[in-house]
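These notes concern the structure reproduced below.
Here, each number is a calculation from the coordinates, and none is a lab measurement. Owing to the predicted nature of the structure, the values given are computational and were not obtained by experimental measurement. All Cβ positions, glycine included, derive from the backbone under ideal geometry; neighbour counts span all protein chains shown.
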Amino acid sequence: MSFIEVALALPLFRTFSYRVPIGMTGSVVAGSRVVVPFRNRQELGIVIGAADPREGMKVKDIVSAPDDAPVMDQSMLALCQWIAEYYVVPLGVALRTALPAALTGATVPVPVRKTRRVAEIVVELTSLLQRDEIFARAPQQRALYELIEAMGGRAAVELLNEKLAFSASVLKGLVSRQLVALDYETVERDPFLTRARRTPDSHTPTGPQRVAIDRLAIAAPGHVALLHGITGSGKTLVYLELLRRVVIDEGKTAIVLVPEIALTPQTVDRFRAVFGDRIAVLHSALSDGERYDAWLALRRGEKRIAVGARSAIFAPLRDLGAIIVDEEHEGSYKQGEAPRYHAREVAIVRARAEGAVVVLGSATPSLESWSNAASGKYELLTLPDGAGGARLPHVHVVDLRADKPKAKPTDTPDADAAFAMAISRPLDVALRDRLSKREQSILLLNRRGYSAFVQCGTCGDVAVCPNCSISLTHHRTPERLVCHYCQHAEPLHVTCTRCGGSRLRQRGLGTQQVERMLSERYPSARIARMDVDTTSGKWAHTEILDRVGAGEVDILLGTQMIAKGLDFPNVTLVGVIDADVGINLPDFRASERCFQLLSQVAGRAGRGSKGGEVFIQTRAPSHHAVQCAVTHDYHRFVHEELAGRKHPAYPPYVRIANVVVSGTQEDATARLATGAAAWLHKLLAARPAPGVSVIGPAPCPVERVKNRWRWHVLIKADRAQDLGRVGRYLVERFEVPKQFGLRLTLDRDPVALL
Ligand code: ADP
Ligand code: ZN
């Protein structure tokens, strides 16, 4: 090719023509990378085909062609073209997403650090009195000690210093008092390669499993099946049998998508037990270099199965035979930045193009997938019962309004009263029972930090982030107020910043506070906390989960991340401390997310032969999300939830795109959003598109984030094509002034409207 068309990862909806000088080495064919001159810079682009420039058009020469072979084959190019079209992003942006960072020049691969310094607790202070005494004059030491404790008694010093802003002297103090010791440890490059191999699953499939396996064996290329089965119903065995046939018998390849690798080490282990070295695990802790190695191994066919989160859908496999999307309802399959693709949708498009079979698995399928199954677009495969003798746990509802303890009307209720507000009597009794029987418990509270917010008891003022329209969360280790949207942190106020009042009240429990209460109430219990604050280390999740698996933890407390695919037979109790977190968010998926989370966490109890029990504490016991989770009634939930999405119409009844306008100035942002809505109305008047409507503009539920004001406009459409056409028109033609940092983004099939 002497003239080529090149896509660049720039916010421009067009490609550019270049000339390939004679004698240029390297491969310059569709799918290979080229370095090209662009506006006095050099840019890395992907060749998408031959160009045919008009006579007399000035065409520049490319600078270099680094590849001997194309980095993308035709089908991957086509997939990226679909993403660019559907999600309304420039082709170059979609292409960049599909390649490992090492190939897009976005980052330089960093060498893996081999050793690191860790701090380990050597004296365990189990008595609170003793703790108060020892740390009486060293609150910072106490905070650090408790942080290390919360991280499992051992934590990388680097993490403590950098991420959590402790000065070195605090740690030195703890070390010189011989409460904490310093050590060096080797950082494992890839624990998934060294984890103990478990024995492969070798069960005889149950009847329903057999049916599912047989149906998938005769599925036509591009077929999509929704595998609906409660947690523990044996979906993984169906996946394994499908892969065995596709990969081993037929010699093809496969992709397994999981919501998050770090949270599903057990699932990954089960695949590795059967397929061993044929698997490449694409987890987020890989360095760019390691990720590139895995990518190469997949492309060369040395690895035949890619297991990973969202982006593993771009694994460069040929002869693709199957794609599995486990927990297909998970919001993490949607990318939060451009291209805002949903890995489940990309999986289906890719499978259709390459003739693979898709299995979407879930205990609580998304309403979209469910209605596609109901309409016959997907095949529905059902696993009705627990497979390995697992029974559904018994679920109790604790109505927090009725069981409210009689708290004394003071600002600082005593520890017992405070505990009773967090852990109801029945849950307390059940926890004690498990502790005495040496069985394990899981407690869910989907709110990290110490308390949700701090409110002045005099004027009612709540401390809010200066950059975002959101209240600040109180964190204890270290003591400060933190914004969960922009990470802004400030010292805890002693007095109200508005009225000067000194009666500041903690509102809303966070995991840190519950952890503290639990350790006071059950001094001998071994408690582990798992939330974003204790898992910032690369392998922190796996470390905590391994300890639970080894029986070294009595109570695992955490946010939604503990609800994922864990299978611990000795967990016989699950408590949900506050089921209502998030239930009232102004988002059409709020109930669905709540139901999914409750169902999922309830499924953690009773995985073994001992059975299980679940306590859900709530102030909304009659809410259908809570009720249906209690009765394990997915069908009723779908029925009621669908009824609620008819008027006003929301997915799955319509397709929507969320157009968000943001800027540093409030007025300008509102004006631009109003302008965008008016522009859309005019467009629809000039070129009528039946079934398309425009809602808004309105401020986003979270009106300001990181100093940017946010407004949005919703486009709804009966048909996907119309939504695409209108959205594309808007993004490409509507002019956004270059001032006040104004931006317009379009999020197609959004998972949240916050
Ligand atoms: P899911 O993936 O649907 O949550 P799992 O595949 O984890 O369910 O299965 C739950 C448990 O049942 C596992 O311990 C698994 O080993 C066991 N199991 C699965 N299928 C069978 C079977 N056919 N016979 C006996 N045990 C089974
Ligand atoms: Zn903020």
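With R₀ fixed at 41 Å, the C-beta to C-beta distance from ASP399 to SER176 puts the FRET efficiency at about 0.20. With helices as the sole contributors, the chain gives -9000 deg cm²/dmol at 222 nm; each DSSP H run of n ≥ 4 counts as -39500 (n - 2.57), and the sum is divided by every residue. Taking the range 691-723 and a reference point 7 angstrom along Cα→Cβ of ARG352, the backbone N atoms nearer than 12 Å belong to 720-721. Measuring r between the beta carbons of ALA101 and ARG507 and using R0 = 30 Å, the FRET efficiency lands at 0.10.
Among residues other than GLY606 with Cβ under 9 Å from its Cβ, the summed charge is +3 (Lys and Arg +1, Asp and Glu -1). Under the simplified labelling scheme, the LYS610-ALA78 pair shows an inter-label distance of 5.4 nm, with each label point 7 Å from Cα along Cα→Cβ. Taking the DSSP beta bridges with both ends in the chain, the antiparallel portion is around 55 percent.
The stretch between PHE734 and ALA69, if pulled fully straight at 0.36 nm per residue, gains 235.5 nm over its current Cα-Cα span. What's the local net charge at ALA225, with K and R +1, D and E -1, over the other residues with C-beta under 10 Å away? Net local charge, ALA225 excluded: 0.
Structural descriptor for the range 198-387: relative contact order 36 percent, calculated from alpha carbon pairs under 8 angstrom and at least 6 residues apart. Would you mind checking the tilt of helix 666-686 against the longest principal axis of the Cα atoms of the chain, expressed as 0 to 90 degrees and rounded to 10? Helix 666-686 and the main axis of the chain meet at about 50 degrees. Applying the Karplus relation 6.51 cos²θ - 1.76 cosθ + 1.60 with θ = phi - 60° to the range 488-498 yields 3J(HN,Hα) values of 3, 10, 8, x, 5, 6, 8, 10, 5, 6, 9 Hz, where x marks Gly and Pro. Given in Å, the Rg to one decimal and the Dmax to the nearest whole number for the Cα atoms of the range 1-132 are 23.2, 87. Phi-derived couplings, Karplus 6.51 cos²θ - 1.76 cosθ + 1.60 at θ = phi - 60°, listed residue by residue for the range 31-41: x, 9, 8, 9, 9, 10, x, 8, 6, 6, 10 Hz, with x used for Gly and Pro.
If I take R0 = 30 Å and measure r between the Cβ atoms of PHE3 and THR745 in this structure, what FRET efficiency does the formula 1/(1 + (r/R0)^6) give, to the nearest 0.05? The formula returns an efficiency of 0.35 here.
Amide H contacts of SER233 (H built 1.01 Å from N, in plane; Pro and chain starts excluded): ALA387 sit under 5 Å, all sequence-distant by 5 or more or on other chains.
Helix 590-602 and the longest principal axis of the Cα set of the chain meet at an angle near 60°.
Taken over the chain, the alpha-carbon convex hull comes to 183 cubic angstrom per residue. Near LEU8: Cβ cut-off under 12 Å, other residues only, Lys/Arg at +1 and Asp/Glu at -1. The net charge is +3. Evaluating kT/(6 pi eta Rh) at 4 °C and 1.567 mPa s, with the Kirkwood radius of the range 655-748 over Cα pairs in the Stokes-Einstein relation, gives 98 µm² s⁻¹.
Using a cutoff of 8 angstrom between alpha carbon atoms and counting only pairs six or more residues apart, the relative contact order for the chain works out to 11 percent. If one computes the Cα centroid of the range 79-106 and of the range 37-52, what distance in Å separates the two points? So the separation of the two Cα centres works out to 15 Å.
Across the options ALA668, LEU91, GLN130, the greatest Cα extent toward the positive end of the charge dipole of the chain (unit charges at beta carbon of Lys, Arg, Asp, Glu) belongs to ALA668.
Determine ³J(HN,Hα), in whole Hz, for all residues of the range 295-303 in sequence, where each value follows from phi through the Karplus function 6.51 cos²θ - 1.76 cosθ + 1.60 and θ = phi - 60°; x replaces Gly and Pro. For the range 295-303, the Karplus curve yields 4, 4, 4, 5, 5, 7, x, 5, 10 Hz.
Under 5 Å between amide hydrogens, built in the peptide plane, is the criterion, and for HIS712 it picks out VAL661, ALA698, CYS700 among residues at least 5 positions away or on other chains. Here's how it looks for THR206: its modeled amide H is under 5 Å from none belonging to a residue 5 or more places away or on a different chain.
If you take the Cα centroid of the range 482-551 and the Cα centroid of the range 695-745, the two points sit 36 Å apart. By how many degrees, between 0 and 90 and to the nearest 10, does the Cα long axis of helix 139-150 differ from the longest principal axis of the chain? The answer is roughly 60 degrees.
Here is the short version for the chain: CYS80, CYS486, CYS594, CYS628, CYS700 have no other Cys C-beta closer than 4.7 Å.
Counted residue by residue at 0.36 nm each, then reduced by the alpha carbon distance between them, the extension gain from VAL702 to SER469 reaches 83.3 nm.
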